[in-house]
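Enquirer: Once you've had a glance at the structure underneath, I'll fire off some questions.
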Amino acid sequence: MVHVDLRKIGETRIAILRIDNPPVNSIGSQVRVAVGESLAAALADDAVQAIVLTGTGKFFCSGADIREFNTPKTLIRPLLRELISMVETAHKPIVAAINGTALGGGLELTLGCHGRVASEDAKLGLPEVKLGVLPGAGGTQRLPRIVGIQAALDIIVGGEPLSASQALECGLVDDVAADPIDSACQLAVAIVRGDRASRVIDPAPLGDAASEAVFDDARRAAQRRYRGCIAPQECIACVEKTLHADLETGLAFEAERFKLLVEGDQSKAQRHIFFAERKAAKLPAAAQASTVRSVGVVGAGTMGGGIAMSFANAGIPVVLLEQSEEALQRGLNNIQRNYDVSRKRGRFSQEEVEMRLALIRRTMDYADLSDVDLVIEAAFEDMQVKKDIFTRLDQTCKKDAVLATNTSRLDINEIASVTGRPGQMLGTHFFSPANVMRLLEVVKGARTDDAVIATVFRLAQRIGKIPVLVGVCDGFVGNRMVSHYTREAYFLLEEGCTPAQVDGALRRFGMAMGPLQMQDMAGLDISWAARKRQAPTRPAHLRYSKVADRICEMGRYGQKTGAGFYRYEAGSREPIPDPEIDKLIAQCAAEAGIVRREISDDEIVARTIYALVNEAARIVKDGIAQRPSDIDVVYVAGYGFPMFRGGPMFYADTVGLPKVLETIRRFHAEHGEYWEPAPLLVELAESGGRFSER
Ligand code: NAD
């Protein structure tokens, strides 16, 4: 776990301690013990005058072993903070040779060292905030003393890693070198000789190094960026502590705040999502992925444009096909406008924008798709339109090209039936805006080859998406669940709520936006078309709310027409409550014989969120999702479900499945058969199980 080499430079002998814990050099209990023993031996060895601490391969150390959190292993000594203190107070210089990634506890370990050298490709960061905790091994106390308050707040609250050159610029490292071990040895020798000062941290309080306003700004920004999350606020409180507390007092404060977070539900939920995303990438069958070198996109509308941008952003050439010159130009103008916004925000330079635009080739001729490796269709949501397109694609595209549809709900097997290659046909369901949202539902048809799924998974990862494997059904995972969620939202309107009340309750629960605001954003005509399609097979005895249909009949399709459940001022996305809609809702309720009543936030949340949970349990049982944690990934990455609640399944586990079932049974008695408890929920609740254990 720790390899020790000796190196002699002039008269100085240096012990090089190399952490070796594949695959990512995390620092769990065993590594702490091994580093502690090697350090103690090197410190006691009179033949050694300095120590260099480094890692293996591309990792210096990726941080604490998250799997050990909330287990007795975290108590095995030395604790990480004890190890760092041992480094910091050592009587021989200890220099970190940061040979690659140094994150979390790994970077904190280097902060106790007396010098730091990074390789040119090193990444240094404190991402703990993303897991709902804070750097708990001194990071919040030492980093501000090294790089200053503002830079420390940016690194700790932002959670994004710095490059080696950024780390050099803010003073986090002393040097960047092609051979960091050699450079660290030279620095150690210089410290031994007194030619360079040892960077021992001054434990005194930082005094008035920053004004109150800096922290107020940080708190406000964190509230906006991480709505409902407590960890960012705790991070800021710890950094603020450095102003008036000495190192020892600050470290004790930090340890106490860390304990509170690590034992809390939020960080457990965020760690669940961290692992769930990694699990979602695991495919049921091992298969050989092929490399996709170029892509075709059919349709340059809302989705097609965003999909083309996602590929261009990853350097993959795209052929964008439309049915008319006018539609093509409109689509390209939208793409150009989106890139302009990114450029103005400083995300891309003009040159980078031009490079991306140059990768998107426009056409109205299917022959231009004859050579691409994969085509994604994003035309109108209409079975006949899709069948016509896939018939032409099948005729034109090369034999081994993969054909994909971005349909939201249509039957992929039926679309595949018009092609002679159902094995190479699948769904790739992007989310709007497609160049921003990270979720990609990869829909496996009845005959889709495993190798095609593997190819699309690899491609998804290349373009920075989180792929989740789902099966064919109306709406796949996300939209199938959302139908139940919005159904309850509509019922709640009839029973006594206003749109603002329903949306407000769910936003306070943590959703990025409420269900009615979300409908207005997506376009009410889309779900209206789906309801019309389902109407012939909808059982007549089931309750049905006409509110959304009636709003559509008024020509109100949401934001795009300036009115839907809310009204919108020209050019604004801010929903404004509309008394006309309140009147319409009351009218629909009266027609349905519903007596309106007062409804609490708790009921709104239970009705809508448990509707998601109950349907999700059916989806897992049906095999449409591989595992409950995939559903959590879909909801957090694609539907604005609060990360700090871990997704609907984890949330249900947190509430307790027996309690969820009891409430669903009550809704079943009060509201009828929509609420029939899902068999999997009953099974788990009655056997003491949890969704997250499956
Ligand atoms: P859109 O109306 O904005 O764009 C569709 C585009 O396809 C138009 O530009 C149209 O000119 C073009 N088109 C239509 N028929 C064509 C043909 N035969 N050949 C070439 N181009 C053709 O629609 P959208 O919102 O981008 O949706 C596209 C698809 O993505 C639909 O299947 C939709 O269900 C799905 N989807 C939409 C969203 C969303 O939020 N909008 C999200 C996920 C999936």
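The values are calculated or read from the model by the stated rules, or taken from the named source; none is laboratory data. Since this is a predicted model, take the numbers as computed values, not measurements. When we count neighbours, we look across all protein chains shown, and the Cβ atoms used for this are built from the backbone with ideal geometry, even at glycine.
Enquirer: Which members of segment 451-486 meet the condition of being of a type in the set (Lys, Arg) and either surrounded by fewer than 22 Cβ atoms within 10 Å (Cβ to Cβ) or at positive phi (or both)?
Expert: Initial filter on segment 451-486 (of a type in the set (Lys, Arg)): 458, 462, 465, 480.
458, 462, 480 - these are the residues of segment 451-486 that are of a type in the set (Lys, Arg) and either surrounded by fewer than 22 Cβ atoms within 10 Å (Cβ to Cβ) or at positive phi (or both).
Enquirer: If you scan segment 67-101, which residues turn out to be over 23 Å from residue 203 (Cβ atoms) and not in a helix (DSSP H, G or I)? Before you say what the answer is, go through the steps one by one.
Expert: Narrowing segment 67-101 to residues over 23 Å from residue 203 (Cβ atoms): 67-76, 97-101.
Of everything in segment 67-101, those that are over 23 Å from residue 203 (Cβ atoms) and not in a helix (DSSP H, G or I) turn out to be 69, 70, 71, 76, 97, 98, 99, 100, 101.
Enquirer: For segment 562-574, does any single residue satisfy the condition of being within 16 Å of the ligand (Cβ to nearest atom), outside the structural domain of residue 433 (by TED's automatic domain parsing) and modelled with pLDDT of 95 or more? Full working, then the answer.
Expert: So in segment 562-574, the residues within 16 Å of the ligand (Cβ to nearest atom) come out as 564, 573.
Now narrow it down to the ones that are outside the structural domain of residue 433 (by TED's automatic domain parsing): 564, 573.
After this cut, where a residue has to be modelled with pLDDT of 95 or more as well, the list is 564.
Yes, there is a match, as at least one residue in segment 562-574 is within 16 Å of the ligand (Cβ to nearest atom), outside the structural domain of residue 433 (by TED's automatic domain parsing) and modelled with pLDDT of 95 or more.
Enquirer: Of all residues in segment 572-596 being under 37 Å from the mean Cα position of the chain (by Cα) and in a loop (DSSP other than H, G, I, E, B), which is surrounded by the most Cβ atoms within 10 Å (Cβ to Cβ)?
Expert: Residues of segment 572-596 under 37 Å from the mean Cα position of the chain (by Cα): 572-578, 581-582, 585.
Next, only the ones that are in a loop (DSSP other than H, G, I, E, B) stay: 572-575, 577-578.
Values: 572: 10, 573: 10, 574: 9, 575: 22, 577: 14, 578: 20.
Only one residue tops the list, namely 575.
Enquirer: Across segment 494-517, which residue is surrounded by the fewest Cβ atoms within 10 Å (Cβ to Cβ) among those that are within 16 Å of the ligand (Cβ to nearest atom) and under 19 Å from the mean Cα position of the chain (by Cα)?
Expert: Selected residue: 512.
Enquirer: With the condition being small (Gly, Ala, Ser), I'd like the helices (runs of 4 or more DSSP H) fully within segment 491-571 carrying at least 3 qualifying residues.
Expert: Working: elements: 499-509, 515-522, 524-534, 547-553.
Per the criteria, 499-509, 524-534.
The rows are residues; the columns are (1) at pLDDT below 95; (2) aliphatic (A, V, I, L, M); (3) more than 16 Å from residue 156 (Cα to Cα).
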site: 195; (1), (2), (3): yes, no, yes
site: 208; (1), (2), (3): yes, no, yes
site: 213; (1), (2), (3): yes, yes, yes
site: 230; (1), (2), (3): no, yes, no
site: 259; (1), (2), (3): no, no, yes
site: 266; (1), (2), (3): no, no, yes
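Enquirer: Next up: Tell me which residues, restricted to segment 606-654, are among the basic types (Lys, Arg) and buried (at least 23 other Cβ atoms within 10 Å of the Cβ). Give the derivation first.
Expert: The first filter runs over segment 606-654 and keeps only residues among the basic types (Lys, Arg), leaving 607, 618, 621, 627, 645.
Result: 607, 645.
Enquirer: Condition check: more than 16 Å from the ligand (Cβ to nearest atom), at pLDDT 95 or above and either within 26 Å of residue 144 (Cα to Cα) or in contact with a helix residue (DSSP H, G or I) (Cβ under 7 Å, 6 or more places away or on another chain) (or both). Does residue 300 satisfy that?
Expert: Values: more than 16 Å from the ligand (Cβ to nearest atom): no; at pLDDT 95 or above: yes; either within 26 Å of residue 144 (Cα to Cα) or in contact with a helix residue (DSSP H, G or I) (Cβ under 7 Å, 6 or more places away or on another chain) (or both): yes.
Judged against the criteria, residue 300 is not a match.
Enquirer: Let me ask something additional. Tell me the residue from 277, 256 that is more than 16 Å from the ligand (Cβ to nearest atom) and surrounded by fewer than 15 Cβ atoms within 10 Å (Cβ to Cβ), please. Even if it seems obvious, please write down each step before you answer.
Expert: Details: 277 fails: surrounded by fewer than 15 Cβ atoms within 10 Å (Cβ to Cβ).
Being more than 16 Å from the ligand (Cβ to nearest atom) and surrounded by fewer than 15 Cβ atoms within 10 Å (Cβ to Cβ) holds for just one of 277, 256, which is 256.
Enquirer: If a residue has to be surrounded by 13 or more Cβ atoms within 10 Å (Cβ to Cβ) and acidic (Asp, Glu) to count, how many in segment 184-236 make the cut?
Expert: Qualifying residue count, segment 184-236: 2.
Enquirer: Please find, among 337, 347, the residue that is surrounded by fewer than 15 Cβ atoms within 10 Å (Cβ to Cβ) and within 22 Å of the chain's Cα centre (by Cα). Let's see the steps before the verdict.
Expert: Working: 337 fails: within 22 Å of the chain's Cα centre (by Cα).
Step by step, each of 337, 347 is checked, and only 347 is surrounded by fewer than 15 Cβ atoms within 10 Å (Cβ to Cβ) and within 22 Å of the chain's Cα centre (by Cα).
Enquirer: Does any residue of segment 65-73 turn out to be surrounded by 18 or more Cβ atoms within 10 Å (Cβ to Cβ) and closer than 21 Å to residue 141 by Cβ?
Expert: Among the residues of segment 65-73, not one is surrounded by 18 or more Cβ atoms within 10 Å (Cβ to Cβ) and closer than 21 Å to residue 141 by Cβ, which makes the answer no.
Enquirer: Another one. Looking at 382, 365, 371, 388, which is the one that is charged (D, E, K, R), away from the ligand (no atom under 12 Å from the Cβ) and in the same structural domain as residue 423 (by TED's automatic domain parsing)? I'd like the intermediate steps shown before the answer.
Expert: On the way: 382 fails: away from the ligand (no atom under 12 Å from the Cβ); 365 fails: away from the ligand (no atom under 12 Å from the Cβ); 388 fails: away from the ligand (no atom under 12 Å from the Cβ).
Answer to the selection: 371.
Enquirer: Scan 89, 12 and give me the residue that is more than 32 Å from the chain's Cα centre (by Cα), closer than 21 Å to residue 188 by Cα and at pLDDT 95 or above. Before the answer, list the steps.
Expert: On the way: 12 fails: at pLDDT 95 or above.
Just one listed residue meets the conditions, 89.
Matching residues to (1) of a type in the set (A, V, I, L, M, F, W, C); (2) out of contact with any Cys (no Cβ under 6 Å at 6 or more places or on another chain); (3) not assigned by TED's automatic domain parsing to the domain that holds residue 54; (4) not in a helix (DSSP H, G or I):
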| residue | (1), (2), (3), (4) |
| --- | --- |
| 141 | no, yes, no, no |
| 146 | yes, yes, no, no |
| 150 | no, yes, no, no |
| 156 | yes, no, no, no |
| 165 | no, yes, no, no |
| 171 | no, yes, no, yes |
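Enquirer: Please work out which residue is nearest to residue 369 (Cα to Cα), limiting yourself to segment 303-334 and to residues that are more than 14 Å from the ligand (Cβ to nearest atom) and surrounded by fewer than 22 Cβ atoms within 10 Å (Cβ to Cβ).
Expert: 317
Enquirer: While we're here: Need pairs with beta-carbon distance below 7 Å; first residue within 16 Å of residue 116 (Cβ to Cβ) and within segment 79-99, second of a type in the set (Asp, Glu); sequence gap 6+ or separate chains.
Expert: From residues that are within 16 Å of residue 116 (Cβ to Cβ), the pairs are 84/108.
Enquirer: Output the number of residues of segment 391-431 satisfying the condition of being in contact (Cβ under 8 Å) with a residue 40 or more places away in the chain, within 12 Å of the ligand (Cβ to nearest atom) and part of a helix (DSSP H, G or I).
Expert: 2
Enquirer: Going by the structure shown, is residue 30 without any contact (Cβ under 8 Å) to a residue 60 or more places away in the chain and not aromatic (Phe, Trp, Tyr)? Full working, then the answer.
Expert: On the way: without any contact (Cβ under 8 Å) to a residue 60 or more places away in the chain: yes; not aromatic (Phe, Trp, Tyr): yes.
So residue 30 passes the test.
Enquirer: Another question, then. What number of residues within segment 15-47 are more than 18 Å from residue 191 (Cβ to Cβ) and part of a strand (DSSP E or B)?
Expert: Matching residues across segment 15-47 total 4.
So that you can scan it fast, the table gives a plain yes or no per residue for (1) under 30 Å from residue 510 (Cβ atoms); (2) not β-branched (Val, Ile, Thr):
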site: 291; (1), (2): no, no
site: 306; (1), (2): yes, yes
site: 309; (1), (2): yes, yes
site: 318; (1), (2): no, no
site: 322; (1), (2): no, yes
site: 347; (1), (2): yes, yes
site: 360; (1), (2): no, no
site: 365; (1), (2): no, yes
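Enquirer: Checking residue 376 against (1) within 16 Å of the ligand (Cβ to nearest atom); (2) assigned to a helix (DSSP H, G or I); (3) surrounded by 18 or more Cβ atoms within 10 Å (Cβ to Cβ), which test does it fail?
Expert: With respect to (1) within 16 Å of the ligand (Cβ to nearest atom); (2) assigned to a helix (DSSP H, G or I); (3) surrounded by 18 or more Cβ atoms within 10 Å (Cβ to Cβ), residue 376 is out only on (2).
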